[in-house]
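Everything on this sheet refers to the single structure shown next.
Laboratory data are not the source of any read-out in this text; all were calculated from the coordinates shown. Keep in mind that what you see is a predicted model, and the values were worked out from it rather than measured. Here Cβ is always computed from backbone atoms with ideal geometry, including for glycine, and neighbour counts include all displayed protein chains.
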Amino acid sequence: MSNSSNHSQVNCNRFEKEAINLIENGQPLDSHFEDCADCVSAKQKYLRLISLIQEQSQLNPSEHWQDSVLQNIAKSKSKKLFRRVSEKMAIAASVLVAGIITFNLYSPALQHQSSNNTSVLSVSIIPSDQQYRGDFVKPGDVLSVSAIIDPKTESELRIYRNGKLVYSCDSSRQKECAFGRNKVETSYPMNAVGEYQVMIVQPHSANDTDAKPGTSLSGRLSADTADLLKSKAEMTLSKATVVR
Amino acid sequence: MAYNEQAEQKALLAINNAAHETALKILMNAYGTDILRFCDSLVKNESDAQDMLQNVFIQAHKNFSTFKGESQIRTWLYTIARNRCLDLIKSRKRMSNYLEFVDEVPESSGAETEETSDMLAAKIIRDCLDKLSNDVKQAMLLRFQSDHSYEDAAKILQQKPGTIQARVTRALPTLKRCVEENGVTL
């Protein structure tokens, strides 16, 4: 490295003024630039300048940089996948919740149940014989009912056939059905064809002593349901069992 | 390493076949070092340059499906690199404006390393390149450091090839004078 003042007095400056432009345009240089010592020297200096620009960074990529890039991409892919699945699950959950809300809105009986229900009703059929039965419940089959009830309230179990009350029992009539502390069980032989439904009725709350279940009910399923809804009593209704 | 036709063709085929990881590996091998040095010249910090290198290829992988093949893949990669580096420089400026009011950061710390004449020449040419305007500096780097044609450099810088060429030919004598005045014998 030395001061370049000795080299700065270039007599011919055609290289700087013309040749750089010609070279960068991809055009050939005339013979002057090969014969003129100043231009030959200037050309060498420009070539050296360009090589300095090329070499001014000698940095090399860090070890394993390619692995880091690939790992980063794999990570973001799994994140994206997780986000997509989460979004789909969120949509599915929203649709499900919306469906449940809509169903409850348009189903007053169920709406009432879902908000207050403390009883769980289970209904099963005990066949009267072991013959081939097909898909239907036959006369003589027994309806076996089991329900978990709120022990703090007075409950009633009612069975309807074709919308009419055919059987009822409550905790004061223990002979007909077995009332436990928080459970009631009974068996009812379905001797006649028709559609059977079981209902568990409980007053709105333990303090609601006036609302004794079933006392003012007409015995018709549709009217009883409406009356119970009005009185805000808790009501659980089983699916219909059809005897043919 | 300049334009690598074989790598370009293989990578393009892989992109068209949606084998993006294969394409990425080919391009990282072909252009990784060049892009790192271009970024290093722009951001002037080794650690940042290494980060930029990774970011460039991550972004490229993300955008392979949008690559239309209107330019060389190398040109496209350099465009990404330039944009990422300029973003970093801008964010640094914003940060330094903030830091000015918070703390004075010392320019250098620790032991000085002994500089060889090559290292000194490299430092001087970097300083002289920094004295040029940003556009001219980038044009010089694209033309001479990474050996781009003026057409490709123009695509990366989003300017006309003639404009880039005029700037480079005007800047060369200025750069030459700068390095000579700072003691480098050409």
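Here is how the numbers come out for the structure above:
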{"quantity": "Peptide A:67-73 - average C-beta neighbours from other chains (10 Å radius)", "calculated": "5"}
{"quantity": "Per-residue Cβ neighbour rank within 10 angstrom, fewest leading, B:Ser65, B:Ser41", "calculated": "B:Ser65, B:Ser41"}
{"quantity": "Per-selection metrics, region B:11-72 (Cα): Rg and Dmax in Å", "calculated": "12.4, 37"}
{"quantity": "For region A:143-192 versus region B:116-186, the gap between their alpha-carbon centres in whole angstrom", "calculated": "96"}
{"quantity": "Residue mean of other protein chain beta carbons inside 10 Å, B:127-135", "calculated": "1"}
{"quantity": "A:Val201, B:Val168 arranged by Cβ crowding within 10 Å, fewest neighbours leading", "calculated": "B:Val168, A:Val201"}
{"quantity": "Residue order, fewest to most beta carbons within 10 Å, for B:Lys137, B:Lys123, A:Lys79", "calculated": "A:Lys79, B:Lys123, B:Lys137"}
{"quantity": "Length-normalised contact order for region B:114-181 - Cα pairs under 8 Å, 6+ apart - percent", "calculated": "34"}
{"quantity": "Test item: Cα-centred dipole of region B:5-95, Lys/Arg +1 and Asp/Glu -1 on Cβ, debye", "calculated": "380"}
{"quantity": "Aspartates and glutamates whose Cα lies under 12 Å from that of A:Lys239, excluding same-chain neighbours fewer than 8 positions away", "calculated": "A:Glu195"}
{"quantity": "Shielding by partners - mean other protein chain Cβ count within 10 Å, residues of B:174-185", "calculated": "5"}
